[in-house]
Amino acid sequence: MQSQRIITAEVNAEQIARQVVEAQLAELAAEIDQVESYSVPHSSFIARLAEVLGQHFGLRDSDLISLKQAAYAHDLGERIMKREYLARRGELTWDERFDLWRHPILGEQAAAQRELSRQAQLLIRWHHEWWNGRGYPDNLSGEAIPLGARILRVLDTYSALISDRPYRERFDESVARQIIADSAGIEFDPRVVKAFLEIVNTQR
């Protein structure tokens, strides 16, 4: 009986610790969204859907925790960079694009300093990798990209598409879903796209 109470207390303490970390990450995510000039929650939206997709694919609890951590903090590198061009109207120059491509690596390093799980750090590093190998920073492709990073790639893109950005107005959700579908097998894992579309169509 005593041992059972100890186990229960340990489980409760672990759950409280997770909730505290998640609350801190949600607050951080709001700061990141402000740097990126999102007028509506971006990172928290991604975190919510990432958990749903992760459960769909049967991820373990520890993997789901890392995925949510990465979803909240995926653009932490942009917060560190604090580039004025992120809030500027108009397209980025090539020099600005090359500069921006550093943010996943900076995000990985910052996540390590915040003691996020190593898995979360790598998901942050690789959330801009493309299914066909044309992404960055490491040009990973296909199954070499962790599933969590493939999930984040779809959700990050979709959330950006349905949000007003400094350089364009938001897309209608149906148009955004079609853009995602058209890029399956190119930018996105087709399995993740299929599951994502099923989930968002169900939630409509």
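Read-outs throughout are calculated quantities, based only on the coordinates presented, and are distinct from any laboratory measurement. Note that the coordinates shown come from a computational prediction; the quantities given were computed from them, not determined experimentally. Please note: Cβ atoms are built from the backbone with ideal geometry, for glycine as well, and neighbour counts cover all protein chains shown.
Identify the GluC sites (Glu not before Pro) of the stretch 116-178 meeting these criteria: DSSP loop state and at most 13 other C-beta atoms within 10 Å of the C-beta.
The qualifying sites are Glu169.
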_Positive-end extreme of charge dipole, the stretch 119-184 - chosen from Val175, Gln119, Gly148 (charges on Cβ)_ = Gln119
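As an exercise, find the ratio Rg/Rh for the stretch 141-193 from alpha-carbon atoms, using the Kirkwood inverse-distance average for Rh.
Rg/Rh: 1.01.
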*Starting with the highest mean, order 67-77, 190-200 by the number of other Cβ atoms within 10 Å, averaged over the residues of each peptide.*
67-77, 190-200
*Between Ala87 and His56, with labels modelled 7 Å along Cα→Cβ, what's the label distance in nm to one decimal, could you check?*
3.5
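Quick one: length gained pulling Ile179 to Ile80 fully straight, 0.36 nm per residue minus the C-alpha distance?
Values: separation 99, 0.36 × 99 = 35.64 nm, distance 2.99 nm.
Length gained between Ile179 and Ile80: 32.7 nm.
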_Per residue, how big is the convex hull of the stretch 79-154 when only Cα atoms are used? Give it in Å³._
98
